[in-house]
Amino acid sequence: MSSTPSRGMWSSRAGFILAAAGSAVGLGNIWGFPTQVGQGGGATFVVVYLACVFLICAPLMVGEIALGRRTRLSPVGAFAALAPGRRWWLVGALGVAAGVGILSFYSVIAGWAVAYIWFAATGAVSGGPDEIGRFFSEFTGNGVVSLALVVLVIGTTAAVLLGGVRTGIERVTKALMPFLILLLLALALRAVTLPGAGAGLAYYVSPDLSRLADVGVFTSALGQAFFSLSLGMGCILTYGSYLGREDSIAGSALWIVALDTSIALLAGFIIFPVGFSIAGFDPTASGPGLIFTVLPRLFAEMPGGHLFGGAFFLLLSVAAITSTISLLEVPVSHCVDALGWSRTKAVAAVAGAVFVLAVPSALGNGAVAVFTNVPGFGMGFLDLMVAAWNEFALPVGGCLTAIFVGRVWGVDRALEELRAEGAWFPAPAFWTLLIRWACPAAIALVLVAWLAATF
Ligand code: TRP
């Protein structure tokens, strides 16, 4: 497996940062983060999440980018090239599987976001909290509509992937990211001035340290950090494989982490103040419907609410599509590189597999009872997929990647790549400590504690 000149490159370092930020910023920030904060008990979760982002995920992101740029290959090939004759390529294979698995539930939620553009803009979803909640359950309980939306999301993603990805993603992200941030800021300003918002702010920013005794907080915070940053499955590795050698990896990674984390934190400053302004709101009870049942209340309280609501779900849908593109890219580029398939055949086959796996997630929100409440698990199929991929597969992939970079490929060779062409790289000794010891040990500890608590 060798790289071909036709693989292509980002137009510039900014192009890479935009594309990787386009991958990172998505439903994970605006749908996933508040949902997890709600289930994980508020500010305590936020603190643990930030620790995971900066101490575990940021160093790992640097490692993933370096692996991609060094080998100029997709994940399976990259691991195989640096450890020939050994089984490390399996880490890349886990990533390929995770791409299909994550996309299967991601496209269901993305479909909801697309439908809510219409619902919010036309005022179809409105009224009191009960009506809004009922609207959501009836909508997601309709199996035919859910499946049609999944087809729309996967179809759009596949079409973009076939039509030359790179310049497209760069351009879309560059044009829309500033609008997304401005809109979130405006919504946050309105949210924190609602009557009753203070309780939501307190919940979000003052940690209750007794919650640290709960292992679940650590597993979900770690899983959420990987998911939000697109780490642990070779996605950022693949994007790094198109990065120019003169571009600083550490600087790029810092940008991506900062953008992704500030957008997630900002989403919390909208959801919780609005949520707590609604009488009887229980953040732990909402599950995947949290943003769809809480935000319409905000739009109802704002002048021009239809416009703000429609714009919000439109930007969220676009952010979701730049993420689904990056998820589909990993299995597709694997089929092209390793199996020698044409791009068209690879896109069709992978999209088909994603759709089949998406069916139970799409039908598991009221349409079909066994998927809505999977026997023996006490949760819906969609939640089960979130737990399996985010809390398990991504951290396992990330732990193995850290071990690979720190001990198999080796920190010296990694540092050589990181500092190529005199690139800026702060605190190499600290990074070495994190990637060799802290990352693998912390992830392993969380996983073992999770297994012990579950079984
Ligand atoms: N990070 C994206 C989000 O927050 C989702 C995503 C895109 C992803 N690519 C990924 C998650 C790779 C894990 C791995 O919405």
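Residue by residue, here is whether (1) touching a Leu at 6+ places or on another chain (Cβ under 6 Å); (2) without any contact (Cβ under 8 Å) to a residue 24 or more places away in the chain; (3) open to solvent by less than 10 Å² (accessible area, probe 1.4 Å); (4) within 16 Å of the ligand (Cβ to nearest atom) holds:
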{"position": "Ala58", "(1), (2), (3), (4)": "no, no, no, yes"}
{"position": "Ile65", "(1), (2), (3), (4)": "no, no, yes, yes"}
{"position": "Thr71", "(1), (2), (3), (4)": "no, no, no, no"}
{"position": "Val76", "(1), (2), (3), (4)": "no, no, no, yes"}
{"position": "Gly85", "(1), (2), (3), (4)": "no, yes, no, no"}
{"position": "Trp88", "(1), (2), (3), (4)": "no, no, no, no"}
{"position": "Gly143", "(1), (2), (3), (4)": "yes, no, no, no"}
{"position": "Val151", "(1), (2), (3), (4)": "no, no, no, no"}
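Looking at Phe269, Phe313, which is the one that is open to solvent by less than 10 Å² (accessible area, probe 1.4 Å) and away from the ligand (no atom under 14 Å from the Cβ)? It would help to see each step written out before you state the result.
On the way: Phe269 fails: open to solvent by less than 10 Å² (accessible area, probe 1.4 Å).
Answer to the check: Phe313.
Only one residue in Leu201, Leu237, Leu243 is buried (at least 20 other Cβ atoms within 10 Å of the Cβ), more than 30 Å from Leu445 (Cα to Cα) and of a type outside the set (Gly, Ala, Ser). Which one? So that I can check it myself, show each step before the final result.
On the way: Leu201 fails: buried (at least 20 other Cβ atoms within 10 Å of the Cβ); Leu237 fails: more than 30 Å from Leu445 (Cα to Cα).
The conditions single out Leu243.
State which residue is farthest from the ligand (Cβ to nearest atom) when the search covers only region 16-45 and only residues that are farther than 26 Å from Val318 by Cβ and open to solvent by 10 Å² or more (accessible area, probe 1.4 Å).
Within region 16-45, the first condition is being farther than 26 Å from Val318 by Cβ, and the residues that meet it are 39-45.
Filter again for open to solvent by 10 Å² or more (accessible area, probe 1.4 Å), leaving 39, 41.
Values: Gln39: 17, Gly41: 21 Å.
Selected residue: Gly41.
Name the single residue that is farthest from Ala311 (Cα to Cα) among those in region 90-100 being within 16 Å of the ligand (Cβ to nearest atom) and surrounded by fewer than 24 Cβ atoms within 10 Å (Cβ to Cβ).
So the residue we want is Ala93.
All but one of (1) over 14 Å from Ala58 (Cα atoms); (2) surrounded by 24 or more Cβ atoms within 10 Å (Cβ to Cβ) hold for Val215; state the number of the condition that does not hold.
For Val215, the exception is condition (2).
Thr219 - would you say it is at pLDDT below 95 and over 30 Å from Thr432 (Cβ atoms)?
Working: at pLDDT below 95: yes; over 30 Å from Thr432 (Cβ atoms): no.
Against the criterion (at pLDDT below 95 and over 30 Å from Thr432 (Cβ atoms)), Thr219 does not qualify.
Which members of region 285-307 meet the condition of being hydrophobic (A, V, I, L, M, F, W, C), at pLDDT below 95 and open to solvent by 30 Å² or more (accessible area, probe 1.4 Å)?
Result: Ala285, Ala300.
Can Leu176 be described as open to solvent by less than 30 Å² (accessible area, probe 1.4 Å), within 19 Å of the chain's Cα centre (by Cα) and within 16 Å of the ligand (Cβ to nearest atom)?
Details: open to solvent by less than 30 Å² (accessible area, probe 1.4 Å): no; within 19 Å of the chain's Cα centre (by Cα): yes; within 16 Å of the ligand (Cβ to nearest atom): yes.
The answer is no for Leu176.
What residue, among those in region 382-407 that are more than 13 Å from the ligand (Cβ to nearest atom) and not hydrophobic (A, V, I, L, M, F, W, C), is surrounded by the fewest Cβ atoms within 10 Å (Cβ to Cβ)?
Out of the qualifying residues, it is Arg407.
List the residue pairs whose Cβ atoms are under 8 Å apart, where the first residue sits in region 1-18 and is farther than 21 Å from Val336 by Cβ, the second is at pLDDT 90 or above and open to solvent by 50 Å² or more (accessible area, probe 1.4 Å), and the two are 6 or more positions apart or on different chains.
Ile17/Trp255
Can you give me the number of residues within region 354-379 that are at pLDDT below 95 and open to solvent by less than 20 Å² (accessible area, probe 1.4 Å)?
0
Consider Ala188 carefully, then state whether it is within 20 Å of the chain's Cα centre (by Cα) and either outside any helix (DSSP H, G or I) or in contact (Cβ under 8 Å) with a residue 40 or more places away in the chain (or both). First the steps, then the outcome.
Numbers: within 20 Å of the chain's Cα centre (by Cα): no; either outside any helix (DSSP H, G or I) or in contact (Cβ under 8 Å) with a residue 40 or more places away in the chain (or both): yes.
When the stated conditions are applied, Ala188 does not pass them.
Taking the options Gly232, Gly155, name whichever one is in a loop (DSSP other than H, G, I, E, B) and within 26 Å of Arg343 (Cβ to Cβ). Before the answer, list the steps.
Values: Gly155 fails: in a loop (DSSP other than H, G, I, E, B).
The conditions single out Gly232.
Output the residue which, of all residues in region 408-436 that are without any contact (Cβ under 8 Å) to a residue 24 or more places away in the chain and among the hydrophobic types (A, V, I, L, M, F, W, C), is least open to solvent (accessible area, probe 1.4 Å).
Looking at the filtered set, the residue picked out is Leu415.
The values are calculated or read from the model by the stated rules, or taken from the named source; none is laboratory data. Quick caveat: nothing in here was measured; it's all calculated off a predicted structure. Please note: Cβ atoms are built from the backbone with ideal geometry, for glycine as well, and neighbour counts cover all protein chains shown. Just so you know, the surface numbers come from the protein's heavy atoms only, side chains and all, with ligands and any DNA or RNA stripped out. Shrake-Rupley method; radii C 1.70, N 1.55, O 1.52, S 1.80 Å.
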